[in-house]
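For reference, the structure is listed below as structure tokens.
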Amino acid sequence: MYNITVKKSILVEIKGLLKLIRPKQWVKNSFVFAPLIFSGLFLNLNSIESTIFAALIFCLAASAVYIVNDLKDIEKDKAHPEKCFKRPLASGNVSTKSAITLLIIIYLILASVWFYEPNLIYVITIYLTLNWAYTFKLKHEPVIEIFVVAFGFVLRVYAGAVVLAVPVSNWMFVTTLSISLYLASIKRRQELINNGSLGRGVLAHYSISLINRFAEMSAVTSIVFYSLYVMDVQPQLIMTIPFVMFGLYRYWFIVETLEEGESPTDVIIQDWQILLTVTAWITCCIWSLLPSI
């Protein structure tokens with residue numbers, strides 16, 4: 001009986017650790033693959049392997065950020081009506097000691113990247129440092145906190161370029177920033193509607209109308225900058241612009257009409273039209289760039 005209880009306890013902690021690193025959120029690291037596609041190197045085996053490696057490393061870095069954030073907010077999460085059950089540390093399914101041990105292991109793995117991709121570790125270091133600042137200070141600063149979240153996606157794109165040793169158009173960087181600002185603004189909007197400032201104190205500084213303007217401006221600049229990127233750098237991708245426009249329109253429809261969008265990952269995975277649009281966009285990009293290889 002004792003052995004069964006111990007095994008169940010270990011199993012609960014393992015499941016809790018998996019929730020702690022949030023593997024479902026790893027889909028965000030698909031931004032690392034953007035340079036692979038737009039550089040036309042997607043048929044080069046070495047380039048594919050390097051990009052997958054960079055994406056996996058970013059998954060670990062993102063998980064480390066989640067752990068630090070949960071450790072920092074453990075007492076606050078315990079007082080939250082939902083997070084006290086959903087967050088492994090707040091619910092008691094994972095001990096603080098186990099979380100810190102896992103965090104150290106992840107940091108050691110990330111440090112070892114220096115021996116394989118030294119340039120990548122610089123990007124990861126910036127990402128981790130920025131998120132440490134976010135966790136302990138910047139997430140309480142309105143507007144700045146949205147830009148910090150969005151800049152994390154820019155770093156993902158840059159990481160993909162670094163491991164391939166290819167230049168990235170400035171248009172791609174600013175397009176990535178704009179799309180990320182759009183998604184981050186929508187996320188804040190839905191959090192504010194659903195929970196007010198209960199789950200995130202900085203939301204007390206925002207209003208729905210203000211965040212709507214943030215999102216609308218970011219959506220417009222996303223379309224404009226992506227179109228400029230296509231016309232200036234990759235004119236053969238002109239047919240992909242409607243997919244980007246439809247994706248933004250559909251996402252806003254989901255937010256406004258279906259009252260979803262608090263989790264961009266869930267929307268991308270669960271909405272078949274968004275998923276189909278992203279798939280069609282990627283397919284169209286690859287098809288358009290294929291002849292240039």
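If you go through the range 252-274 and keep only what is under 17 Å from the mean Cα position of the chain (by Cα), assigned to a helix (DSSP H, G or I) and buried (at least 17 other Cβ atoms within 10 Å of the Cβ), you end up with PRO264, VAL267, ILE268, ILE274.
The residue pairs whose first member lies in the range 142-165 and is without any contact (Cβ under 8 Å) to a residue 12 or more places away in the chain, whose second member is surrounded by fewer than 19 Cβ atoms within 10 Å (Cβ to Cβ), and whose beta carbons are closer than 8 Å, counting only pairs six or more residues apart or on different chains, are ILE144/LEU138. Inside the range 220-251, residues that are without any contact (Cβ under 8 Å) to a residue 12 or more places away in the chain, within 17 Å of SER39 (Cα to Cα) and either hydroxyl-bearing (Ser, Thr, Tyr) or not in a helix (DSSP H, G or I) (or both) make up a count of 0. Any residue in the range 20-45 that is closer than 17 Å to CYS59 by Cβ sitting within a Cβ distance under 7 Å of a residue that is charged (D, E, K, R)? List the pairs, counting only those 6 or more apart or interchain. So the pair list comes out as LEU20/ASP70; ASN29/ARG156; PHE31/ARG156; VAL32/ARG156. ILE211 meets the stated requirement of being among the aliphatic types (A, V, I, L, M) and closer than 30 Å to ILE74 by Cα.
Scanning the range 87-103 for any residue that is in contact (Cβ under 8 Å) with a residue 40 or more places away in the chain and under 19 Å from GLU145 (Cβ atoms) turns up nothing.
On the stretch given as the range 173-199, residues that are in contact (Cβ under 8 Å) with a residue 60 or more places away in the chain and in a loop (DSSP other than H, G, I, E, B) total 2.
Read-outs throughout are calculated quantities, based only on the coordinates presented, and are distinct from any laboratory measurement. Everything quoted here is computed from the prediction, not taken from an experiment. Using ideal geometry, Cβ is built from the backbone for each residue, glycine included, and neighbour counts are taken over all protein chains shown.
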